Amino acid sequence: MKETLKPGIRYEHQFVVPQSKTVPALYPESPEFIEMPEVLATGFLVGFLEWACIKAIKPHLDWPEEQSLGTHINVSHEAASPPGFKLRAVVELLKVEGRRLVFSVEAYDNNDLISKGEHERFIINKDQFDAKMLEKTASLSA
């Protein structure tokens, strides 16, 4: 982590909702999802908020050796956004407690506030994390 990683970092990120980020696309294996409305899926909304948080702190990490992973999210999904709508995420780093980071997150579409809440991330060493995942994967065949 660089010394610049401090509370107060703000970032705004934009993205246009494609058809591939709607509810039917979330789990195409699910007939229930396939029949649902073609609006931004909550799962993809969460990913969009995570993306904004990653972009906010990337300049303050020793990327790509240091990265961050989401560990907790508590957000609303207040309004539906159809394909073609522009999303705007506004995130702010509220706390830095060792490797634990807490963000305030909000998202808007062309017309509405669509989400607000908090998101927690942990800074990881990518090589060490990958090594642990190899060990975990190896346990499947044991």
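If I ask for residues that are in contact (Cβ under 8 Å) with a residue 12 or more places away in the chain and in a loop (DSSP other than H, G, I, E, B), which ones from the stretch 11-64 would you list?
Once the filter is applied, which keeps residues that are in contact (Cβ under 8 Å) with a residue 12 or more places away in the chain and in a loop (DSSP other than H, G, I, E, B), the stretch 11-64 yields V17, P18, M36, P37, E38, V39, A41, L61, D62, P64.
Scanning the stretch 111-142 for residues that are over 20 Å from the mean Cα position of the chain (by Cα) and closer than 25 Å to V90 by Cβ yields one hit, N111. Each residue in the stretch 24-46 was checked for being surrounded by 13 or more Cβ atoms within 10 Å (Cβ to Cβ) and farther than 16 Å from L87 by Cα, and 7 pass.
For the stretch 122-139, the tally of residues that are under 30 Å from S76 (Cβ atoms) and either touching a helix residue (DSSP H, G or I) at 6+ places or on another chain (Cβ under 6 Å) or among the aliphatic types (A, V, I, L, M) (or both) stands at 2.
Taken together, the values in this text are just the output of simple stated rules run on the coordinates, not laboratory data. Predicted model, so just to flag it, every value in this text is computed and none were measured. With ideal geometry, Cβ positions are generated from the backbone for all residues, glycine too; neighbour counts draw on all protein chains shown.
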